[in-house]
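To start, the structure under review is shown below, and the notes come after it.
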Amino acid sequence: MRAFYHPDQALHDPQQFMRFGRISKATDVPARTSELLRALDRLGVIPEAPQDYSRALLEAVHAPHYLDYLQSAYARWTDLPDHGPEVLPNTFPYWSGDPGREARPPCPSGHLLAQTGYYLGDLAVPVGPQTWTSALRSAHTATAGADALIQGERLAYALCRPSGHHCRADRASGFCYLNNAAIAAERLRGAFGKVAVLDIDAHHGDGTQEIFYRRGDVLTVSTHVDPDQYYPYFTGRGNETGHGAGAGFNLNIPLPPASGDDAFLAATAQGVEAVRRFGAEALVVALGYDTHVEDPLSMVHVTTPAFRAAGEIIGSLDMPILVVQEGGYQVSVIGDCLEGFLTGVQAQG
């Protein structure tokens, strides 16, 4: 197994996000990366720094006008009078959505505040002085993991931070600024005829779903807490199955709130079976630990041993597997969850 991580990913240090009507202390803290690195060390895996792939590879997934905004937002923010410590929106445009459209047109206004409401989808994506750098390196890390599979590796791990699966083609949300899993899947499509993304984070991978919703060459599967009760609320239901050429190639498996290991593992097995039926030649696993019973954002009760069991289920697939890091905010448990998951996957090798 090869693993990838760039130290610049720890530079992103958000100070705030909105929760239950209060600006709260951020949970996506840089210490998360330190704990995951310690888990790799216990496994005897030394992570490699990815090469600088530049911004160009992002445009295979993200709209250039969105990237322009994200890259420039903080510097422009500091020119505003009496600005806050991070870029946050104070207005959001109404858009009804259209499953037949890949992305919106550019923001009709050139004003920073208008663009901030247009491109930042909620109050959980503050943009600070190092956000672009960390997000770019995170995307590079996922790309390096994909390249390892293309070069013949059976298992690779991309320690991505910030996370990515809530980021759409042209909008950040939910702690996510660039969609690492989607960027990796698109990279893999250059070498494999069919690619699947299996997301087992607690939250629906709404950005990944949106990016591939109109395509039949990438299967997207997400198991997550029921969006009737949990972020992102507006997507993630069973009737969302794809559009046009993508009809039938999106599967959502919601988990009831307060469910535990059995429901989580059954959903994982259902997702693996869908990947197998699809005939995927390579798999991207979007791995989060925010289903853990101790996670501050959790609404389900998954225990640490279940992550090894999930790894064993996924490892039964006979194909190259890239694990892309997503959420998980209880620093005291995430290292053990990662160690167990990777051990489980390798046990099936």
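What to note about this one:
- In summary, G117 fulfils each of the numbered conditions (1) at pLDDT below 95; (2) touching a His at 6+ places or on another chain (Cβ under 9 Å); (3) part of a helix (DSSP H, G or I) with the single exception of condition (2).
- Matching residues, region 71-92, being of a type outside the set (F, W, Y), under 24 Å from the mean Cα position of the chain (by Cα) and part of a loop (DSSP other than H, G, I, E, B): E86, L88, P89
- Between A146, A156, A135, the distinction of being crowded, with 24+ Cβ neighbours inside 10 Å and either part of a loop (DSSP other than H, G, I, E, B) or within 13 Å of the chain's Cα centre (by Cα) (or both) belongs to A135 only.
- Subset of region 203-231 [outside any strand (DSSP E or B) and closer than 17 Å to N180 by Cβ]: H203, H204, G205, D206, G207, T208, Q209, E210, I211, F212
- The sole residue among L342, L283 that is among the aliphatic types (A, V, I, L, M), within 20 Å of the chain's Cα centre (by Cα), surrounded by 20 or more Cβ atoms within 10 Å (Cβ to Cβ) and assigned to a strand (DSSP E or B) is L283.
- Looking only at residues of region 48-84 that are closer than 18 Å to S134 by Cα and of a type in the set (G, A, S), we find that the one that is surrounded by the fewest Cβ atoms within 10 Å (Cβ to Cβ) is A56.
- When each of G121, G110 is tested for being over 22 Å from D201 (Cβ atoms) and surrounded by fewer than 24 Cβ atoms within 10 Å (Cβ to Cβ), the lone residue that passes is G110.
- Here E312 passes the criteria (1) in contact with a His (Cβ under 9 Å, 6 or more places away or on another chain); (2) more than 19 Å from H204 (Cα to Cα) except the one numbered (1).
- If the condition is being surrounded by fewer than 24 Cβ atoms within 10 Å (Cβ to Cβ) and over 23 Å from A172 (Cβ atoms), then region 184-225 contributes R189, G190, A191, F192, G193, K194, G216, D217.
- Residues of region 241-265 satisfying the condition of being part of a loop (DSSP other than H, G, I, E, B) and either buried (at least 20 other Cβ atoms within 10 Å of the Cβ) or in contact with an Asp or Glu (Cβ under 8 Å, 6 or more places away or on another chain) (or both): G242, F249, P256, P257
To keep it simple, each residue is scored yes or no on (1) β-branched (V, I, T); (2) touching a Leu at 6+ places or on another chain (Cβ under 9 Å); (3) in contact (Cβ under 8 Å) with a residue 24 or more places away in the chain.
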site	(1), (2), (3)
Q209	no, no, yes
Y213	no, no, yes
L219	no, yes, yes
V225	yes, yes, yes
R237	no, no, no
T241	yes, yes, no
L251	no, yes, yes
L255	no, no, yes
L283	no, yes, yes
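- Per the listing G311, G327, G335, the residue uniquely out of contact with any strand residue (DSSP E or B) (no Cβ under 8 Å at 6 or more places or on another chain), assigned to a loop (DSSP other than H, G, I, E, B), closer than 26 Å to L149 by Cβ and in contact (Cβ under 8 Å) with a residue 24 or more places away in the chain is G327.
- Enumeration of residues in region 45-70 that are over 19 Å from T141 (Cα atoms) and either touching a strand residue (DSSP E or B) at 6+ places or on another chain (Cβ under 6 Å) or not in a helix (DSSP H, G or I) (or both): A63
- A3 meets the stated requirement of being crowded, with 17+ Cβ neighbours inside 10 Å and not in a helix (DSSP H, G or I).
The values are calculated or read from the model by the stated rules, or taken from the named source; none is laboratory data. What you are looking at is a predicted structure, and each value in this text was computed from that prediction instead of being measured. All Cβ positions, even for glycine, are placed from backbone atoms using ideal geometry, and neighbour counts span all protein chains on display.
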